[in-house]
Amino acid sequence: MKPITLLLIALALGSASGCTTVKPWERGTLSKKEMSWSPDPLAAKLGEHIYFAKEAAAGGYGSAGGGCGCN
Amino acid sequence: MAENKKNTISPTVAALYTAAFALPVYNKTVTAAGSPDTSPSVSARISTYEEDRLSGSNFSGIGDQERYDIEVGQVKVVYPINDTMQLTVDSAYEKMSGASPWFITPDATTGEPLQVMSGATIDDERLDASAKLDIYKGAYTISPSVGFSTERDYKSVFGGVSVAKELANKSTTLRAGISASFDEVEPTSDPLIDPGRIDSDDKENVTAFVGIGQVIDKNTVVQSTLTLSHYSGFLSDPYKLVSNSDPLATAADRRDSRPDDRTQYIWSFQLRRWAELFEAALHANYRFYYDDWNIRSHTLDVGFLKHSDYGWSFEYSMRYYSQTQADFYSPFYTLVRSDGHYSSDYRLSPYGALSFRVKLAETINDWTVSLSAERYISDKSYSLQSVDVENPGLTDFTLFTLGADYVF
């Protein structure tokens with residue numbers, strides 16, 4: 001396994017190691033729009049389409065989609 | 001998940017955490033699972049995309065140096081049907097013109113690769129549309145979706161379904177999904193220029209994903225997704241050729257000819273962290289990609305989003321991308337390959353890319369208007385691996401987007 005892969009898995013584990021129970025009244029920050037996975041879904045979709053047409057890698061974020069003649 | 005504030009974790013929990021992965025829900029906040037939006041909304045975007053002119057040092061002198069200019073219009077409607085269902089419909093229209101890379105030829109003096117471009121400007125239009133229904137049933141959200149894409153020489157229909165389950169602690173979300181697409185390619189005929197071009201062919205894709213999202217603390221949430229995707233059918237570029245100087249090469253050895261299947265393995269990890277000092281959110285997304293054409297890539301996207309209480313917002317992000325080459329790729333060929341696979345497409349070449357994005361927005365009552373810009377630059381020097389020969393077809397581009405959103 002490449003060192004960068006090990007580092008990233010360690011980061012993932014490290015981020016999980018300090019999990020705390022968040023009470024409902026403490027979730028205001030997590031509900032902010034800027035904390036969402038995709039604050040601008042249309043921009044994200046266009047970006048993924050452009051990168052799909054320019055790069056070998058595509059997808060991986062859990063959305064369905066069709067192809068195009070651009071790749 | 002253990003309610004343990006110390007920085008330790010049992011091996012069993014660590015193993016479970018890394019063994020489970022999740023799907024993101026694009027237009028939901030990280031904790032707003034299991035309910036429709038409170039009001040319908042409409043979003044529209046107009047974008048202009050322009051690729052840089054092919055540089056003279058990379059140009060063979062054959063074809064047109066001007067690359068693609070594309071105008072894109074997007075619209076999206078989110079409609080909460082009732083307390084348990086929400087419909088999302090979006091569509092995009094593209095109008096594109098410009099020349100594209102055709103094949104690469106070695107310079108007669110230096111042997112360096114030079115790009116041959118298509119001659120006449122290509123004009124084309126593309127329309128796509130998709131619909132997704134979110135059905136909320138207690139802790140479950142079930143989301144079927146369908147869509148299509150059509151252009152002069154390419155048509156695609158696709159559909160899928162994903163399921164999300166929020167665990168009782170409301171801090172963990174498990175997700176899974178599957179989707180499929182069926183594509184038909186029917187390239188425009190040009191018997192004088194390229195008599196060997198196919199008339200039509202098909203391509204299929206099946207993609208499945210699983211994942212997990214986890215609230216770490218009141219300011220931090222992470223998400224991890226594992227994706228498996230398989231393509232089969234005609235995966236080559238019908239318009240592209242390759243230069244092959246082998247005297248034994250036939251016409252087939254001078255066409256872009258890729259394997260008829262491709263399996264992709266993808267892991268993505270996303271982090272959202274609230275920075276109280278700046279009253280802004282930090283976004284970090286990482287993706288590792290590997291396929292059985294032997295291409296590996298890393299993508300890292302880091303962003304900073306600040307929304308003020310006075311209606312304005314500012315976003316800045318940077319994206320880094322690096323990929324290795326397909327094992328059958330070469331700028332040009334001097335020998336016939338036993339597997340019959342060839343491609344000089346820059347998209348299968350080794351390189352890296354940097355992207356810089358900025359967005360400004362202003363919200364007044366129920367309206368939000370925005371303006372964003374992105375600059376993308378690609379070069380062999382940005383690759384994580386050393387690259388000996390850069391593909392002369394690598395492209396840089398600039399994207400501007402004007403947006404408007406209205407919440408009813």
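The values are calculated or read from the model by the stated rules, or taken from the named source; none is laboratory data. Since the model is a prediction, treat every value here as computed from it, not as a measurement. Quick reminder, even Gly has a Cβ in these numbers, built from the backbone with ideal geometry, and neighbours come from all protein chains shown.
Worth a mention:
- Test: residue in region B:75-85 that is at pLDDT below 95, surrounded by fewer than 19 Cβ atoms within 10 Å (Cβ to Cβ) and acidic (D, E): yes
- Residue selected from region B:302-328 under the condition assigned to a strand (DSSP E or B) and among the small types (G, A, S), by the criterion surrounded by the fewest Cβ atoms within 10 Å (Cβ to Cβ): B:S317
- Qualifying residue in region B:187-209 (condition: within 30 Å of B:F103 (Cβ to Cβ), hydrophobic (A, V, I, L, M, F, W, C) and outside any loop (DSSP other than H, G, I, E, B)): no
- Counting only strands (runs of 3 or more DSSP E) that fall entirely inside region B:55-147 and contain at least 3 residues that are away from chain A (no Cβ under 14 Å) and not aromatic (F, W, Y), the qualifying elements are B:69-82, B:101-106, B:113-117.
- Among the numbered conditions (1) of a type in the set (S, T, Y); (2) more than 8 Å from every other protein chain (Cβ to nearest Cβ); (3) touching a residue at least 24 places away in the same chain (Cβ under 8 Å); (4) closer than 30 Å to B:S43 by Cβ, the only one that B:Y289 does not meet is (2).
- Close pairs from region A:23-40: first assigned to a helix (DSSP H, G or I), partner of a type in the set (G, A, S), Cβ under 8 Å, at least 6 apart: A:E34/B:A280; A:E34/B:A281; A:E34/B:S313; A:M35/B:A281
- Exactly one residue out of B:R347, B:R375 is in contact with a strand residue (DSSP E or B) (Cβ under 6 Å, 6 or more places away or on another chain) and outside any loop (DSSP other than H, G, I, E, B), and it is B:R375.
- Residues that are hydrophobic (A, V, I, L, M, F, W, C) and more than 7 Å from chain A (Cβ to nearest Cβ) within region B:150-174 comprise B:V161, B:V163, B:A164, B:L167, B:A168, B:L174, listed in sequence order.
- Output for region B:292-301, where each listed residue is more than 30 Å from B:R273 (Cβ to Cβ) and either small (G, A, S) or buried (at least 19 other Cβ atoms within 10 Å of the Cβ) (or both): B:W293, B:I295
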